[in-house]
Amino acid sequence: EQAPETVGSSAGAAADPAAHDRFLADYWRPVYKFIRTAGRASIEDAKDLTQDFFRYLIEGDLLARYRVEKGRFRSFLKGVLRHFLSQERRDAAAQKRGGGRAVVSLDVAGLEADREGLSPEEVFDRQWAADVLTRSLADLRRELPPDVLGVYEAYELAGQQPTYGDVARAMGLTEHQVKGH
């Protein structure tokens, strides 16, 4: 797990907008849930703080400070996030959020569950893992031929682990074809 190098500086973000967008897509949900849990922010405040955090992170060139030898990128990001929330609490009375900048819509539907009894770090890590899995499955769906994808889904995503024979019978294939897929 490494920091997205092309987003590691303001110049990098400008040079590769796709990397910038991918970075935001990869991390906004875990950041939002961390803010809701650690910051005890309302939904609307958490949306604003999430956008403010990414602005702070990218415009402040903070990603360039990450060093692989010092640990995981997620740990670094959570530390920066805690510092950001601490600063925001101090500055809340003096500064109005937004400042006329472009705002990206965050769809937080479905992100409010699964926070009870967990630390902000656990909430962040669980959301990050769920997002990685979702993106990986979407990549598989785009890249695998439909018959191979069908076998994969029948075998790996079934509620209980079927045998190759079970999958072969269900899909009208031979066991050898299932193994090959």
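Before moving on, here are some points about what is shown:
- Descending by average beta-carbon neighbour count within 10 Å, the peptides 123-131, 18-26, 141-149 line up as 123-131, 18-26, 141-149, the highest first.
- Spin-label proximity, VAL132 to the stretch 37-70 - amide N less than 18 Å from point 7 Å beyond Cα toward beta carbon: 67-70
- Here the label points at ASP26 and THR174, each 7 Å from Cα along the C-beta direction, are separated by 4.2 nm in the simple model.
Values quoted throughout were computed directly from the atomic coordinates according to the rules given, and no laboratory measurement underlies them. Please read these numbers as outputs of a predicted model, since none were measured by experiment. Don't worry about glycine lacking a Cβ; one is built from the backbone with ideal geometry, like all the others, and counts go over all protein chains shown.
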